[in-house]
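Report on the following structure.
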Amino acid sequence: MRYLLLIYGDEKAFAGLPAKELEGVLSDFQAYTASVKEAGAHIASQRLRPASTATSVRVRGGKKLITDGPFAETKEQLGGFYMIEAKDLDEAVAWAAKIPGARYGTIEVRPIWEM
Amino acid sequence: MVLARDEVEAVFRREHGLIMAALVRTTGGDFDAAEDALQDAFARALETWPRDGVPLRAAAWLTAVARNAATDRARRERVLEKKLAARPEPEVMAVPESDEVEDDRLRLIFTCCHPAIELESRVALTLRTLGGLTTAEVARAFLVPEAAMAQRLVRVKKKIREAGIPYVVPALDVLAERLEGVLAVVYLIFNEGYAATAGDEHVRRELCAEARRLGELLSEQLPSEPEVLGLLALMTLHDARRAARVDARGELVLLEDQDRSLWDRAGIELGLALLDRAFALRRASGPYVIQAAIAAVHARAARAGDTDWEEIAGLYAELVKRVEGPVVALNHAVAVAMAHGPEAGLERLALLEEDLESYHLFHAARADLLRRLGRREESAVAYRAAIALTANQAERRFLERRLREVTS
């Protein structure tokens, strides 16, 4: 099965990290990505620009409504994702728990709706 | 031979978990398909058993018939989907010669109690699939409308299927952590039947019995897990005191006031033996083993006055280190009061006040200690606080009786 692992975290706290610590987290992420690839479970992964750069789009009655900001203002924001191949939810959760961001924020595990 | 419907139902209920477990495997984790197939087998049993008698290997018979039904249904669905008329007939499975139905119940319980499922749904699904309770019975046990329970069960089965919750016993490195979740579900089922004073008495007994059956199943399959034995011992010891817990008018009777001749001695011996087996495994004691050890100290005291409160206070001190939450800290304070006097207990309670001031049992415990010290006015204030915070009718009546005692 394919799963999307969505990484939520407090952007402000993350941005406030001392340079040294930030470097450490980023290199942890690199090591993690490498380990997912090595296991053959990696499909895609990206880091996102902060939620302050987000634009939300809705179409109502044929009219396009554009607003500044993310879908919902929350304490933790979507900061990136991994798409992985896993045998079942247990395997997906095991990968999610290893994401460095899991130590600070929350990883949401979502199965892909296969067509 | 004439066989009544409820006799067929009794066999069906007893073997439900075992057969469902085998079927969920056959259907590749599809709970709905497994349930449908089991219903087919039930219908077939109702047709043939009254005529031919109950087969010697009833579980194996039902499993084989249900497996055939599942294969049949799957084939029919494929036919519908692809609009293909010609398909090979499904292989008809014979009833196996041996009495064995492969026991997949352990997998099933780990799937039903998966941490990715909301706790209440875990409990409901476990009762439905392993316990064979009907949706109506599960709904009644939790005092929710049947339609709401049916919907909850549909949602949880959908999550299992779509999120890919596996049908496996977890690997050793996560077994202990996952087992904790399973034991919590079993204990919740037991407590729902034991501690609640509302609801249908028959359903509540059934819940306790089901929890103990699940505990036994786990202890057979995981014989070297002390916490499994600890939980089973704890439930067995509690259940042995059931008859003394409520008086003829349905009022709660405190442990110290219970008529101990009503305790089920055989049940107590069984509970104590289970606890000894847990200790014999010589592993660090977990919360269920400690709670069972506390229940065992009470069970061994022939009279309330003989209770070894020193030992109980010591056990609670260990339990507090392992279990968070108000109930344990409160019980620890009460045990200290019993071992070292009400003043010592009040001192401990004072430390908990900030966390527990909205918890009725905190005020009830305080009221009781103040009453024992003859500080009647303060005691009455605390009883009133407790009464204002409790929703349970039997508890409220008990507290009101006590309040009248200290104000008369």
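Bear in mind that the values in this text are calculations on the coordinates, not laboratory data. Note that the coordinates shown come from a computational prediction; the quantities given were computed from them, not determined experimentally. Cβ: placed from backbone, ideal geometry, glycine included. Neighbour counts: every protein chain shown.
Observations on the structure shown:
- What you get for the protein assembly as shown, charging only the Cβ of Lys and Arg (+1) and of Asp and Glu (-1), is a dipole of about 1400 debye around the Cα centre.
- When segment B:164-254 is described by a simple charge dipole with +1 on each Lys and Arg Cβ and -1 on each Asp and Glu Cβ, the residue from B:V253, B:V186, B:G164 located farthest towards its positive end is B:V253.
- Each of A:K12 and B:E256 was given a label point 7 Å from its Cα along the Cα-to-Cβ line. The distance between the two points is 5.2 nm.
- Contact order for chain B, expressed relative to its length and based on alpha carbon pairs under 8 Å spaced 6+ residues apart, stands at 10 percent.
- Membrane-span-like helices in chain B (whole DSSP H runs, Cα extent of at least 24 Å along the helix axis, mean Kyte-Doolittle hydropathy of at least 0.5): B:172-194.
- Residue order, fewest to most beta carbons within 10 Å, for B:M338, A:M115, A:M1, B:M20: A:M115, A:M1, B:M338, B:M20
- CD proxy at 222 nm, helix term only [per DSSP H run n ≥ 4: -39500 (n - 2.57); per residue of chain B; nearest 500]: -23500 deg cm²/dmol
- Inter-chain neighbour count for A:92-98: the average number of beta-carbon atoms from partner chains within 10 Å of each residue's beta-carbon is 2.
- Using the Cβ-Cβ distance between A:E76 and B:E47 with R0 = 56 Å, the FRET efficiency computed as 1/(1 + (r/R0)^6) comes to roughly 0.45.
- Remark on chain B: ratio of C-alpha radius of gyration to 2.2 N^0.38 Å is 1.15.
- Signed unit charges on C-beta, dipole axis of chain B, positive-most listed residue B:A333, B:W263, B:S379: B:S379
- Sparse-neighbourhood loop sites, trypsin sites (Lys or Arg not before Pro) in segment B:272-352 - DSSP loop, at most 13 other Cβ within 10 angstrom: B:R282, B:R283, B:R303
- Value of relative contact order over segment A:53-115, rounded to a whole percent, pairs C-alpha under 8 Å and six or more apart: 18 percent
- Restricting the GluC sites (Glu not before Pro) of segment A:41-85 to loop positions (DSSP other than H, G, I, E, B) with no more than 12 neighbouring Cβ atoms within 10 Å leaves A:E73.
- Computed E for B:R303/B:H202 - FRET, C-beta separation, R0 35 angstrom, nearest 0.05: 0.60
- Arranged from fewest to most other beta-carbon atoms within 10 Å of their beta carbon, B:F42, B:F279 become B:F279, B:F42.
- About the Cα centre, charge dipole magnitude for chain B (Lys/Arg +1, Asp/Glu -1 at Cβ), debye: 660 debye
- Once both labels are positioned 7 Å from their Cα atoms along Cα-to-Cβ, the gap between B:Q221 and A:T55 label points is 5.4 nm.
- Taking other residues whose beta carbon is less than 15 angstrom from the beta carbon of B:R372, and scoring Lys, Arg as +1 and Asp, Glu as -1, yields -2.
- Along the axis of the charge dipole computed for segment A:2-111 (Cβ charges of +1 for Lys and Arg, -1 for Asp and Glu, origin at the Cα centre), the listed residues A:P18, A:A41, A:L4 are led at the positive end by A:L4.
- Local electrostatic count at B:R397 - Lys and Arg +1, Asp and Glu -1, tallied over other residues with Cβ under 12 Å: +1
- Three semi-axes of the equivalent ellipsoid, segment B:5-82, Cα gyration tensor, whole Å, largest first: 23, 14, 9
- Fully extending the segment from B:A150 to B:R78 would add 23.2 nm, taking 0.36 nm per residue of separation and subtracting the current Cα-Cα distance.
- Neighbours of A:L17 by Cβ distance under 14 Å: Lys/Arg scored +1, Asp/Glu scored -1, total -2.
- Each of A:D68, B:D104, B:D40 was scored by other Cβ atoms within 10 Å of its Cβ. Arranged with the fewest first, they read A:D68, B:D40, B:D104.
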